[in-house]
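Notes for the one structure printed next.
Just so it is clear, none of the values below were taken in a lab; they were calculated from the coordinates. The structure presented is a predicted model; accordingly, all values stated were derived computationally and were not measured. Cβ coordinates were reconstructed from backbone atoms using ideal geometry, including for glycine residues, and neighbour counts include every protein chain displayed.
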Amino acid sequence: MPVLCDTQIRELIDIEPFSEAAKRPGKVSYGVSSYGYDIRVGTRFKIFTPTPRTGGIAIVDPKAFTNDLFVEVDCADVGTDHVIIPPNSFALCETVETLSIPRDVLVICVGKSTYARCGLIVNVTPLEPEWRGKITLEISNTTPLPAKIYANEGIAQLIFLKADQVCETSYADKKGKYQDQLGLTLPKVD
């Protein structure tokens, strides 16, 4: 599987809004790169903040994950350019960009080194052929200190792998549970 270069990304991948590579002083970089695309984190975040429960301790369960484990923050609504993730916690967020992946492309999403060097990790995740929507990302604060994430700036890089042949079954064919998500989506188990 060859990796797509910048001109192929422009031609083959539907990314809206699409940003060219550019120097943006004082900003975490985003836009097309030599062999990938740096996506931006949007303004909406769900920050994991477990609260004590009556009758016991809250348990994180991917089959029964509830919204009450989060505090929701929209930077646009509160007039700020960042959120704070508590120590040893995480946040879910959505990308600014909406993507539509071709049937013969697999995408791997990896965190940007600017945040990784501060102990902030974006979970590595694949985007399968024919997946569409805004990406829901998980950002872990692995440090014992509160950490800032800047809205509308770079957060992760997408690496596009083009197959030699079209896949037999795409994400759209499987009617994947995260297909066409319009924004921040909690985990689901069908």
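Remark on Gly42: its backbone amide H falls under 5 Å from those of Glu94, Thr95, Val96, Asn152, a criterion applied only to residues 5 or more positions apart or on other chains, H modelled at 1.01 Å from N. The tail of the calculated P(r) for region 64-108, taken as Cα-Cα distances beyond 16 Å, holds 60 percent of the pairs.
GNM on the chain, alpha-carbon springs under 10 angstrom: the most fluctuating residue among Cys118, Cys75, Cys93 is Cys118. For region 144-184 versus region 63-97, the inter-centroid distance based on Cα atoms is 18 Å.
Think of the chain as a dipole: +1 on every Lys or Arg Cβ, -1 on every Asp or Glu Cβ, centred on the Cα centre; then among Gln8, Pro146, Pro126, Pro146 lies furthest on the positive end.
Can you tell me the dipole magnitude for the chain around its Cα centre, using point charges on the Cβ only (Lys, Arg +1; Asp, Glu -1), in Debye to the nearest 20? Before the final figure, lay out the partial values.
Working: 20 positive and 24 negative charges, 105 e Å.
I would put it at about 500 debye.
Say a site is exposed when it is one of the GluC sites (Glu not before Pro), sits in a DSSP loop, and has at most 14 other Cβ atoms within 10 Å; what is then the longest site-free stretch of the chain? Of all site-free stretches, the longest is 21-167.
Among Lys46, Lys188, which comes first, second and so on when ranked by fewest other beta-carbon atoms within 10 Å?
On the way: Lys46 22, Lys188 11.
If I rank by nearby Cβ atoms, fewest first, I get Lys188, Lys46.
Once the Cβ-Cβ distance between Thr66 and Phe18 is put in as r, and R0 is 45 Å, what FRET efficiency do you end up with, to the nearest 0.05?
Details: r = 36 Å, r/R0 = 0.79.
Efficiency, from the Cβ-Cβ distance: 0.80.
When a/c is below 1.5 the answer is rounded, else prolate if a/b is larger than b/c, else oblate, so apply that to the chain with a ≥ b ≥ c taken from the square roots of the Cα gyration tensor eigenvalues.
Working: a/c = 2.14, a/b = 1.34, b/c = 1.60.
Note, shape of the chain comes out oblate.
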